[in-house]
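K.L.:
What follows is a single structure, and I will ask about it in a moment.
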Amino acid sequence: MAETGGILNITFEFAQKIGTRQLPELTSEYESSVKGLYIVGDLADAPVIKIALNQGFDIAKKLAQKPDAKGADPDVYDVVIVGAGPSGIGAALALKEAGLRYVLIERERPFNTIQNFPKHKHVFAEPRPIQAKAGLWFEDSLKEDLVARWEKALDDNELVLEQPREVVDVQKDKGGIFTLVTKNEKGEKKSFRARRVMLCIGRRGSVRRIGCPGEDNDRVDYGLDDPDKYRGKNVLVVGGGDSAVEAMLALCDHNNVVVVHRSEDFSRAKPDNKRKVEAKIAEGKVKPYYKAKVLELKPDAAVIQTAEGQKVTVPNDYVFALIGTELPLPFLKKVGVKMEGTWDRKRITWLVCSMIIAYLFYAMKEDKQWFPFTAGAFEFFEWFGFRKEGFFGHILYTMTEGFHDAIRLKVGDMNFGGSFWGTVIYSMVITVFGLQAARRYPSKYQKRRFISLITSQWTLLFIVPQFIVPAILMAARASQNLIGNAWRFYGVVLPWPLFTYNVDATNADGGGSLLWLSAGILTTLIVIPIVCIFHGKRFCTWICGCGGLAETLGDRWRHLAPKSDNAIKMEKMGTVVLAICAIMSGLIIADTYHFVKAGSLSSVKLFKQNFYDIAVDFWLSGAIPVGLYPIFGGKIWCRFWCPLAKYMQLISKYFGRLQIQANEHCIGCGQCTRYCQVGIDVQKFAQRGKAFSNEQTSCIQCGICIEVCPMEVLSFGQRGKRSDKLVVVPDDMAAQKPQRHAAAG
């Protein structure tokens, strides 16, 4: 599965996705499921003009460096680029520089999305730290100035451009040659043959339609280019996002403007736009119909159904339907491009193999007898003719029944078995993938976070409990019972309710575990609450071993986290696990330490050993969530079942000070929501310029949403003690500087 992937598009989900971006399945080189066909730009997760421009330039340069970049057939282009937006132009400039044969096909006009911006719209060259490539001038400017400069650059570079010409089909023959069938405005067809294709068509497949009688009329438009063309008219605007609001603001001073919006307010628009349009409504310059819809468009009027179900007819000369666009899914499907999350053989194989690997690892790690590392397991292979005496039979026997004996190691008074070697492997995996993740994110905050996870795993969760604690206890001449239970130190680092073993006794009077019980209580009731007050749930993403594996190995699949209303509701399962854990632990402690003689010790311990330990500690925290990493991301356990995460959330919800704040310059690209491991619709908060914390969400304060935001909208902050006023926390995650709007690419 591609690391560059995006939000799942599958039916096996918890509910409809919220605030997500649907993306094609791509490799790290942006090659689609159709070999030789590359997808670049907004459709490939580059939602900002400068980023899309640079992405097109970089991918084209990599194609030009391939050994087979240039072909010998003069009738076959090396690369055909579809779409003359920023990414397509960037790609064309790179291919021209490399000397490859290419053609750029555009169905409308170059930079069409930018050209459709409202008249005199300011375009800002964000993100500031990134320099525009391909030699194109790109600084803060009016839309008209930017387009003029870029059109001149096209002429100066003499790019090979076919326009207006629409690609209607893409076929690939057995020899790997693509044939692109196109048509012009007159319907005349022309074909282009190419060895490789770059789709730079963006996410604007087709405009969303109102879906009412009379919509197919010349007075209905799906964009507002020049508001000066309309004066003294009755104008109907359909929609409530930024495009619709900006159209209302541009038209309302010289026209009678009526707006029909399906929601109860303009909360989807930027806060500044929302304030402005509400002021115009208060002045009587805009007449809103909330929770309404258009039933019919007559030649000179519009019929509207209000929130109360009444039909209202309003005079109307022009209609602007600004309700967004649809992805070009029909075209992509026709071409053969798979969207991420498609259930095919590859994905099913991923699921089966990852589940098997996860189960085998945790079964190996358990010193208990779990199949296939158990007596009698070799009988399964004997059905297929294998014998212990044979070469392959001996190997299979060693890997199954004899596995725990084969890996057992004794050094002095210390015995190392499956648990020890499992922890070694676990630590190595976190190290390897943690270093990869640290390279993936440039900020110092993220690098420190991943180094913390790696260091904590090797020290607090391996070296200290396995070697240092036993050595200290032996030097102190502690009892054999205490030395033999040195592993209970894990309950200090991963405290109750995550680690429940320290509430249990190791002998009749409980003396063997009283030390660890006391240390665990200190961590659970004092250390963890203090951490939650100042740092929220950062323990999950800086220290915890379970969270460490999810943040390192699972980072490459973080975008697959379930994002739906139902998924959020399912987070209540963690409360159930916490309640079971609390009741069970209370009964065990009461009887073990003779606080109350409830007489339930044996039955509760039996329940813990035969159900809770197996269901929670083995399946829910190990085999199942790790096996589901490539399908649902890395935080299944932490988000839905972990009792410690739920305990920390309860503390942070009521007493925590840390939150993520947003300025008012979100462009709605969806990156923050897409990369949230715990399924928060971050964009919803960002678009409204509102902060969020554990009071409203299950945020783990990993900061990745801050990292991936191309506009530096998000940053860490603190809730004031007596108000919602934010106190900025100095942090290199996001520079606290004035931001301006940069158009999406």
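K.L.:
Can you tell me which aspartates and glutamates have their Cα less than 14 Å from the Cα of Lys276? Leave out same-chain residues fewer than eight positions away.
P.N.:
Within reach: Asp242, Glu246, Asp253, Asp265, Glu664.
K.L.:
Something else: Roughly what would the spin-label model give for Ala375 and Leu606, points 7 Å off Cα along C-beta, in nm?
P.N.:
Between Ala375 and Leu606, the label points sit 2.3 nm apart.
K.L.:
Between Rg and the Kirkwood Rh of the chain, both from Cα atoms, what is the Rg to Rh ratio?
P.N.:
1.04
K.L.:
May I pose another question? For a 31 Å ceiling on Cα separation, which of these pairs sit above it: Lys447/Lys605; Lys70/Lys121; Lys50/Lys280; Lys121/Lys285; Lys233/Lys270?
P.N.:
Flagged as over cut-off: Lys447/Lys605; Lys70/Lys121; Lys50/Lys280.
K.L.:
Under the rule of at least 5 residues apart or a separate chain, name every residue whose amide H is placed under 5 Å from the amide H of Val259.
P.N.:
Here the answer is Val237, Lys287, Tyr289, since their amide H atoms fall under 5 Å of that of Val259.
K.L.:
By how many nm would the segment from Lys444 to Val312 grow when fully extended, if each residue of separation counts as 0.36 nm and the alpha-carbon distance is taken off?
P.N.:
Once the chain is fully extended between Lys444 and Val312, it gains 41.7 nm.
K.L.:
Taking every pair of alpha-carbon atoms in the range 15-131, what share in percent sits in each 5 Å bin, from 0 to the bin with the longest distance?
P.N.:
In whole percents, the pair-distance histogram is 2, 11, 18, 22, 19, 13, 8, 4, 2, 1, 0.
K.L.:
Please compute the modelled spin-label separation between Phe534 and Thr349, points set 7 Å along Cα→Cβ, answer in nm with one decimal.
P.N.:
For the pair Thr349/Phe534, the computed spacing is 5.1 nm.
K.L.:
Given only helices, namely DSSP H runs of n ≥ 4 each adding -39500 (n - 2.57), what is the per-residue ellipticity at 222 nm of the chain, to the nearest 500 deg cm²/dmol?
P.N.:
-10500 deg cm²/dmol
K.L.:
At a 1.4 Å probe radius, carbon and sulfur cover how many percent of the accessible area of the range 128-249?
P.N.:
The computed percentage sits at 42.
K.L.:
How charged is the neighbourhood of Lys133? Take every other residue with its Cβ under 12 Å from the Cβ of Lys133, and add Lys/Arg as +1 and Asp/Glu as -1.
P.N.:
Summing Lys/Arg as +1 and Asp/Glu as -1 gives 0.
K.L.:
Summing +1 for each Lys or Arg and -1 for each Asp or Glu, what net charge is found among the other residues whose Cβ lies under 11 Å from the Cβ of Pro213?
P.N.:
-2
K.L.:
Here is a further query. Need one number: nm distance between label points at Arg408 and Ile357, each 7 Å from Cα along Cα→Cβ, rounded to one decimal.
P.N.:
3.0 nm
K.L.:
Does the range 270-332 classify as rounded, prolate or oblate by the C-alpha gyration tensor (a ≥ b ≥ c root eigenvalues; a/c under 1.5 gives rounded; else a/b over b/c gives prolate, otherwise oblate)?
P.N.:
oblate
K.L.:
Tell me which of Ile81, Ser452, His559 sits at the most positive position along the dipole axis of the chain, charges placed on C-beta atoms (Lys, Arg +1; Asp, Glu -1).
P.N.:
The residue sitting most towards the positive pole is Ser452.
K.L.:
Which whole-number value in Å² is the accessible area per residue of the chain, probe 1.4 Å?
P.N.:
46 Å²
K.L.:
Show the residues, 5+ positions off or on another chain, whose built amide H is closer than 5 Å to the amide H of Ala302.
P.N.:
Excluding prolines and chain starts, which carry no amide H, the hits are Val314, Asn316.
K.L.:
Another one. Report, ordered by chain and residue number, the lysines lying within cross-link reach of Lys563, taken as a straight Cα distance under 19 Å and ignoring same-chain residues fewer than 8 apart.
P.N.:
Those lysines meeting the cut-off are Lys17, Lys572, Lys635, Lys646, Lys684.
K.L.:
With only Lys, Arg, Asp and Glu charged, each at its Cβ (+1 for the first two, -1 for the last two), find how big the charge dipole of the chain is about the Cα centre; round to the nearest 20 debye.
P.N.:
In total the dipole reaches around 800 debye.
K.L.:
Taking the mean number of other Cβ atoms within 10 Å as a proxy for protection, how do you rank 338-346, 33-41, 195-203 from highest to lowest?
P.N.:
195-203, 33-41, 338-346
K.L.:
In whole angstrom, note down how far apart the Cα centers of the range 177-205 and the range 286-315 are.
P.N.:
Taking the Cα centre of each part, the range 177-205 and the range 286-315 sit 41 Å apart.
K.L.:
Which aspartates and glutamates does Lys62 reach when only Cα atoms under 20 Å apart count, and residues fewer than 8 places away in its own chain are ignored?
P.N.:
Glu3, Glu25, Glu29, Glu31, Asp42, Asp45, Asp78, Glu97
K.L.:
May I pose another question? Give me a comma-separated list of calculated 3J(HN,Hα) values for the range 442-449, in order, Karplus coefficients 6.51, -1.76, 1.60 applied at θ = phi - 60°, integers in Hz, x for any Gly or Pro.
P.N.:
Once θ is set to phi - 60°, the couplings for the range 442-449 become x, 6, 5, 4, 5, 5, 5, 5 Hz.
K.L.:
To the nearest 10 degrees, how steep is helix 242-251 against the longest Cα principal axis of the chain, on a 0 to 90 scale?
P.N.:
Rounded to the nearest ten degrees, it is 30.
K.L.:
Checking a compactness column here: for the range 518-675, what do you get for Rg(Cα) / (2.2 N^0.38 Å), N being the number of residues?
P.N.:
For the range 518-675, the normalised Cα radius of gyration comes out at 1.20.
K.L.:
Among 463-471, 314-322, 627-635, what's the highest-first ranking by average C-beta atoms within 10 angstrom per residue?
P.N.:
627-635, 314-322, 463-471
K.L.:
Sticking with this structure for a sec: Which order do the peptides 219-229, 429-439 take when ranked by the mean count of other beta-carbon atoms within 10 Å per residue, highest first?
P.N.:
Answer by packing, highest mean first, reads 429-439, 219-229.
The values are calculated or read from the model by the stated rules, or taken from the named source; none is laboratory data. Quick caveat: nothing in here was measured; it's all calculated off a predicted structure. So basically every Cβ, Gly included, is an ideal-geometry build from the backbone, and we count neighbours across all protein chains shown. Accessible surface areas use protein heavy atoms only, side chains included; no ligands, DNA or RNA. Shrake-Rupley method; radii C 1.70, N 1.55, O 1.52, S 1.80 Å.
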